[in-house]
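Novice: Sharing a structure below in structure tokens format, with a few things to ask.
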Amino acid sequence: MHKGRLEAFSDGVIAIIITIMVLELHVPKGDDIAAILHLWPVFLSYVLSFVYVGIYWNNHHHTMQVVKSVNGAILWANLLLLFWLSVIPFVTGWMGENLFTKWPVVLYGCVLIMNAASYTILTIALIRHHGKDSLLAKAVGKDRKGKLSLIIYAVAIAISFFCSWVGFALYIVVACIWFIPDSRIERKIVLEEQPE
């Protein structure tokens, strides 16, 4: 199957997710700066979630650049990723509205770890479809960055039961790790395009 519909559908869903998140930013009650400052937790959680959704969109785009086709397993793996991405607006709003207390931060981390696991499943499905010698397989390699992220998420969730701010800070650390697009795929594309 051609990958075009998967890419277009994914782009549309991700655009809707971002739109839903921004709609959670309500106009403040009042016309002074204090009214805006009162919204800082909601805005901070929105910014972090926007960055996360952007990271997934960016990496999804790069991944799709090196694959030629998809199959049923890949379509379902992609839907699993989109499902967990679609839960981000809910946990973002809950966390921001409740000033980063324990349970909202724990649940936010659970959603983040499920997104990461879903992206890993999608990558595995793509590599199985295209082979272990495919450009994607070579680019992903041992995926140390992905495995490190899963470990940090798990630690952050555990720590959030005792100190939610530390857990939240660890979510920011993972976002920083992935903020610059994963260049492994770009490097492999450049190497493949160079004449020998």
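Novice: When the residues of segment 54-113 are narrowed to those that are hydroxyl-bearing (Ser, Thr, Tyr) and in a helix (DSSP H, G or I), which ends up nearest to the chain's Cα centre (by Cα)? If you could, list the steps in order and put the result at the bottom.
Specialist: Step one: list which residues in segment 54-113 are hydroxyl-bearing (Ser, Thr, Tyr), which gives 56, 63, 69, 86, 92, 101, 108.
With in a helix (DSSP H, G or I) added as a condition, the list becomes 56, 63, 86, 92, 108.
Working: Tyr56: 4, Thr63: 14, Ser86: 10, Thr92: 13, Tyr108: 12 Å.
By that ranking, first place goes to Tyr56.
Novice: Filter segment 154-176 down to the residues that are over 12 Å from the mean Cα position of the chain (by Cα) and either open to solvent by less than 60 Å² (accessible area, probe 1.4 Å) or of a type in the set (D, E, K, R) (or both) and list them by number.
Specialist: Ala154, Ala156, Ile157, Ala158, Ile159, Ser160, Cys163, Ser164, Gly167, Phe168, Ala169, Leu170
Novice: Kindly establish whether Val42 is open to solvent by less than 60 Å² (accessible area, probe 1.4 Å), closer than 18 Å to Leu99 by Cα and either assigned to a helix (DSSP H, G or I) or touching a residue at least 40 places away in the same chain (Cβ under 8 Å) (or both).
Specialist: Yes.
Novice: Taking into account only those residues within segment 18-39 that are touching a helix residue (DSSP H, G or I) at 6+ places or on another chain (Cβ under 7 Å) and closer than 20 Å to Leu99 by Cβ, which is surrounded by the fewest Cβ atoms within 10 Å (Cβ to Cβ)?
Specialist: The selected residue is Lys29.
Novice: Residues to consider are Val105, Val91, Val87; find the one that is closer than 21 Å to Ile16 by Cα, in contact with a Phe, Trp or Tyr (Cβ under 6 Å, 6 or more places away or on another chain) and at pLDDT 95 or above.
Specialist: Val91
Novice: Sticking with this one: Looking only at segment 141-160, filter to residues that are out of contact with any helix residue (DSSP H, G or I) (no Cβ under 6 Å at 6 or more places or on another chain) and of a type outside the set (Gly, Ala, Ser); which one of those is farthest from Cys110 (Cα to Cα)?
Specialist: Checked segment 141-160; the qualifying residue farthest from Cys110 (Cα to Cα) is Lys142.
Novice: If only one of Leu85, Leu112, Leu81 is under 22 Å from Ala15 (Cα atoms), touching a residue at least 40 places away in the same chain (Cβ under 8 Å), among the aliphatic types (A, V, I, L, M) and touching a Leu at 6+ places or on another chain (Cβ under 7 Å), which one is it?
Specialist: Going through Leu85, Leu112, Leu81 in turn, the sole match is Leu81.
Novice: Also, quick follow-up: Take Phe100 and decide whether it is modelled with pLDDT of 95 or more, at positive phi, surrounded by fewer than 21 Cβ atoms within 10 Å (Cβ to Cβ) and not small (Gly, Ala, Ser).
Specialist: Yes; evaluated as a whole, the condition is true for this residue.
The values are calculated or read from the model by the stated rules, or taken from the named source; none is laboratory data. From a predicted model like this one, the values you see are computed outputs, not experimental measurements. Cβ sites come from the backbone with ideal geometry, for glycine too, and all protein chains shown count toward neighbours. In case anyone asks, the SASA skips ligands and DNA or RNA and just uses the protein heavy atoms, side chains included. Shrake-Rupley method; radii C 1.70, N 1.55, O 1.52, S 1.80 Å.
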